[in-house]
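Heads up, the thing below is written out as structure tokens.
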Amino acid sequence: MVDPAEVPAPVAVTSSCTACGACLLTCPEHALRPQGGTLVVLGDTCTGCLECVEVCPADAIAVLAR
């Protein structure tokens, strides 16, 4: 079984993440999970809607090239 956090996603959480949880509350797909004091994007769930990018107060979510 593949770890969902290992599947490539359209966005990535950067080291600027403060784990405030704003993205967790905003993501309609629940594609973010806490892990090791930060958050990870579940690539098998993320649809690339970018709502997490818009709401992140630390600008810690990067849009990745496809």
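The values are calculated or read from the model by the stated rules, or taken from the named source; none is laboratory data. It should be emphasised that the depicted structure is a prediction, and the values quoted were computed from it without experimental measurement. Quick reminder, even Gly has a Cβ in these numbers, built from the backbone with ideal geometry, and neighbours come from all protein chains shown. SASA here: full protein model, heavy atoms, side chains in, ligands and nucleic acids out. Shrake-Rupley method; radii C 1.70, N 1.55, O 1.52, S 1.80 Å.
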*If you take the residues in segment 14-47 that are of a type in the set (S, T, N, Q) and outside any loop (DSSP other than H, G, I, E, B), which one is nearest to A60 (Cα to Cα)?*
T38
*asked:* Give all pairs with beta carbons closer than 8 Å in which a residue from segment 42-54 that is on the phi < 0 side of the Ramachandran plot meets a residue that is among the β-branched types (V, I, T) and open to solvent by 60 Å² or more (accessible area, probe 1.4 Å); count only pairs at least 6 apart in sequence or on separate chains.
replied: D44/V2; V53/V63
*Residue list for segment 42-66, filter: at pLDDT 95 or above and in contact with a Leu (Cβ under 7 Å, 6 or more places away or on another chain)*: C52
*Could you list all residues from segment 52-66 that are open to solvent by 60 Å² or more (accessible area, probe 1.4 Å) and either assigned to a loop (DSSP other than H, G, I, E, B) or in contact with an Asp or Glu (Cβ under 9 Å, 6 or more places away or on another chain) (or both)?*
P57, D59, L64, A65, R66
